[in-house]
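Step one of this worksheet: look at the structure below.
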Ligand code: ADP
């Protein structure tokens, strides 16, 4: 499914983000940038050891929640990996929404600063970090829409969703 906003496109696809050929893919990392399970583990396994070497070298302090950092992409087809840290869901009263919004926004701004014309996102925080899927989806789509409305350079944004349930949630929100 695809929606146009000005000259830009938001596309929903069911699949594995490690196979994306977009200029950048986003990793839902942890604040130590230490690699881990879920999409983070899959990205590091597919990209190879140069990515952890780079995060250790460039960002030894890690990355705070809501922020984003960039590395090359090792063996992946993408040029860059943007590592962002989404919030852990703790009931909704610990600035989870602001942190998730800022994670999306910082990824999009970092991609734009690096001249990326396409970027792929997973559903940040909806796995181990337990953010309720419908709430996380609303935030993802609204931040992406806002960014596209504010920016002039056309860009392709692919939300790469790992299962039918997540795809369904995204398509319901995007259709609205
Ligand atoms: P978080 O800690 O931010 O919750 P997870 O990796 O646990 O990160 O989950 C984030 C989302 O990524 C989940 O919706 C999960 O289904 C999805 N996911 C896991 N592996 C992949 C993959 N290879 N490609 C795309 N999405 C993935």
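Are any residues in segment 25-41 assigned to a helix (DSSP H, G or I), under 20 Å from residue 104 (Cβ atoms) and free of Cβ contacts under 8 Å to residues at least 60 places away in the same chain, and if so, which ones?
Residue satisfying the conditions is 40 alone.
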Filtering segment 7-24 down to residues that are near the ligand (Cβ under 9 Å from one of its atoms) and part of a loop (DSSP other than H, G, I, E, B) yields 15, 16, 20
Of the conditions (1) under 19 Å from residue 16 (Cα atoms); (2) within 10 Å of the ligand (Cβ to nearest atom), the single one that residue 170 does not satisfy is (2)
### Task
With respect to residue 4, determine if the residue is surrounded by fewer than 17 Cβ atoms within 10 Å (Cβ to Cβ), in a strand (DSSP E or B) and either out of contact with any helix residue (DSSP H, G or I) (no Cβ under 8 Å at 6 or more places or on another chain) or free of Cβ contacts under 8 Å to residues at least 60 places away in the same chain (or both).
yes
Would you say residue 35 is within 13 Å of the ligand (Cβ to nearest atom), over 24 Å from residue 164 (Cα atoms) and at pLDDT below 95?
yes
The number of residues in segment 67-95 that are within 14 Å of residue 28 (Cβ to Cβ) and either surrounded by 21 or more Cβ atoms within 10 Å (Cβ to Cβ) or in contact with a strand residue (DSSP E or B) (Cβ under 6 Å, 6 or more places away or on another chain) (or both) is 9
The residue that is surrounded by the most Cβ atoms within 10 Å (Cβ to Cβ), considering only those in segment 129-152 that are assigned to a loop (DSSP other than H, G, I, E, B) and more than 15 Å from the ligand (Cβ to nearest atom), is 151
Does residue 120 fit the bill of being within 13 Å of the ligand (Cβ to nearest atom), touching a residue at least 12 places away in the same chain (Cβ under 8 Å), more than 14 Å from residue 155 (Cβ to Cβ) and not in a loop (DSSP other than H, G, I, E, B)?
-> no
Conditions (1) part of a strand (DSSP E or B); (2) farther than 16 Å from residue 36 by Cα -> residue 101 fails only (1)
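The values are calculated or read from the model by the stated rules, or taken from the named source; none is laboratory data. The structure displayed is predicted, hence computed values, not measured ones. Because the Cβ atoms are built from the backbone with ideal geometry, glycine has one as well, and the counts that use them run over all protein chains shown.
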